[in-house]
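Novice: Got a structure for you, questions after.
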Amino acid sequence: MAEQKYEGADLSDLFSRRGDSAPTGQPSSVYGEEQQQRPAWMKLEKNKLYDKYGTKQTTREDTRDDRYSKYGVQDNKRVRREEEEEELKRQKIDYQTFQSRIDKEKDINSIVRSHYNQRTYQSKLQGSRTKSPIYKLRNFNNAIKYIMLGNFFPTKREAGPRTVLDLCCGKGGDLNKCEFISVDQYIGIDISDASISEAFSRYLQNRARFIPQNEESKKQRNSKKYNFEACFATGDCFTNSIPEILEPNFPGIIENMFPVDCVSIQFAMHYAFETEEKVKTLLNNITKSLKPGGTFVGTIPSSDFIKDKILKKNFIDGETGCKFGNKLYSVTFEKPPPADGIFRPPFGNKYVYYLKDAIDAIPEYVVPFEYFRSLCEDFGLVLKYKKNFIDIFNQEIPKYFSKLNKNLVEGMKRSDGKYGAEGDEKEAVGFYIGFVFEKLG
Ligand SMILES: C[S@@+](CC[C@H](N)C(=O)[O-])C[C@H]1O[C@@H](n2cnc3c(N)ncnc32)[C@H](O)[C@@H]1O
């Protein structure tokens, strides 16, 4: 297919296997972008790569073979042996708090990759997770992700498998959640190769022996096992297109498994806000991967929370006014943030985030939510839901109490016997919001 052929043409049909119409709304950026005749994602050069996106309706039968579950299969025995050795080491120690050693002079990708690689190795040697100083906070955050995916994984509207694309999936911490919402197929991508390898071995250890073949047997899913197919790939989803990341390892995957029902990106999108190009590449990946009506579900630090801290001058470094937080977490700007709490331009507003025993002073970038929302509209994604973690928990937990794992619920018990976050933990989780966008179509 000659690329020049489509210059100046209406590209909307080429990019969509269902002929979904392009979003028509004008950009509503608070930063006053120029008027655009076409949605932003159609203007990106990289779109040409998406010509590969399939035109065939995927059916469950199409994807029955196991070729997408192959990542690292050869290494499986070695992974097991390493895990046995690590389990032995783990039994010998009580609990070691995580601290990474990284060269902070490197670019953000190298810092992030190196941090999460080290985190993956060290977490295996840390001892029982219940002894972590952020054990309750982790449970709280996991509960929020169960709620978000539980509420916003689209209900089944057509025959065929239901698929989640988990961008920046880390060590596969959301595999259980995908079983909880009964997905049929899962694709995980992360820039950290150690995390991807860990996610894959976690999947293999818990995979149901016989993955259900039809609707009838799917009703008998074994909830303690993963009854879905999964594949994992290492890649930078803020720089490369999804086909570029997946096709080399899984030829034909784009045609067979895409578009997907849900794209999930948890606790990671703030790394993309280093540059406009990264965010646009990410949004292009998301919108091109989703079915019309599909959902984009994520969790990020709240720009409203940051603004509130700035306006109230709620800093912990006195006159300098660059740092807020408490004993569990902190946010440190390189220079004093804007006094009105509005970051201009909306990209590259760096701060260093610290979370005890988890994130060791890694650079992140402010995600000005209103700007992000208007950008999403340009990419055909409309906002359905946005709430602070504390509000999500308070409003949704009654519905989820009986559905969630007992250890998870017990791991959120407060000193007053109620459930949820308190004290420093409450402020640390209140730093985040959950959001959902729906792909127009
Ligand atoms: C805080 S962890 C979250 C992991 C997982 N989503 C979860 O909720 O448990 C952030 C993850 O983003 C990944 N990440 C950061 N930048 C990335 C990029 N450009 N492409 C893919 N993954 C990236 C990191 O390697 C890390 O695993």
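Novice: Go through the stretch 396-441 and name the chymotrypsin sites (Phe, Trp or Tyr not before Pro) that are in a DSSP coil and have 16 or fewer other Cβ atoms within 10 Å of their Cβ.
Specialist: Answer by residue number: F401.
Novice: Quick one: putting +1 on the C-beta of Lys and Arg, -1 on the C-beta of Asp and Glu, what dipole do you get for the stretch 230-349 around its Cα centre, in Debye to the nearest 20?
Specialist: The dipole of the stretch 230-349 has a size of about 480 debye.
Novice: Something else: Between K327 and N240, what is 0.36 nm times their sequence separation minus the Cα-Cα distance? Round to one decimal in nm.
Specialist: 27.6 nm
Novice: Can you give the net charge of the other residues whose Cβ lies under 9 Å from the Cβ of K350, counting K and R as +1 and D and E as -1?
Specialist: It works out to a net charge of -3.
Novice: By how many nm would the segment from N394 to N222 lengthen if fully extended, with 0.36 nm per residue of separation less the alpha-carbon distance?
Specialist: Here the segment from N394 to N222 would lengthen by 58.9 nm.
Novice: With all protein chains present, calculate the accessible area of T320 using a 1.4 Å probe and round the result to the nearest 10 Å².
Specialist: Counting only protein heavy atoms, T320 exposes about 90 Å² to solvent.
Novice: Between their Cα atoms, which of K177/K224; K156/K278; K225/K399; K278/K386; K384/K406 are more than 20 Å away from each other?
Specialist: K156/K278; K225/K399; K278/K386; K384/K406
Novice: Along the charge dipole of the stretch 253-339, Cβ charges K/R +1 and D/E -1, which of H270, A339, L290 sits furthest on the positive end?
Specialist: Of the options given, the answer is A339.
Novice: On to the next question. Considering only DSSP states other than H, G, I, E and B, which trypsin sites (Lys or Arg not before Pro) in the stretch 188-277 qualify as loop sites with at most 10 other Cβ atoms within 10 Å?
Specialist: Passing both the DSSP loop test and the Cβ count: R209, K219, K224.
Novice: In Å and on Cα atoms, what radius of gyration and Dmax does the stretch 119-214 show?
Specialist: Calculated on Cα positions, Rg and Dmax stand at 14.8, 45 Å.
Novice: Quick one: length gained pulling N314 to A339 fully straight, 0.36 nm per residue minus the C-alpha distance?
Specialist: 7.8 nm
Novice: Also, I was wondering about something else. Under a Cβ-Cβ cut-off of 13 Å, what is the net charge of the residues other than N314 that fall near it, where Lys and Arg count +1 and Asp and Glu count -1?
Specialist: For residues surrounding N314, the net value is +2.
Novice: A follow-up question, please. What does the charge count near E422 come to, summing +1 for each Lys or Arg and -1 for each Asp or Glu among other residues with Cβ under 11 Å from its Cβ?
Specialist: Every neighbour counted, the sum reads +1.
The values are calculated or read from the model by the stated rules, or taken from the named source; none is laboratory data. None of these values were measured; they are calculated from a predicted model. When we count neighbours, we look across all protein chains shown, and the Cβ atoms used for this are built from the backbone with ideal geometry, even at glycine. Just so you know, the surface numbers come from the protein's heavy atoms only, side chains and all, with ligands and any DNA or RNA stripped out. Shrake-Rupley method; radii C 1.70, N 1.55, O 1.52, S 1.80 Å.
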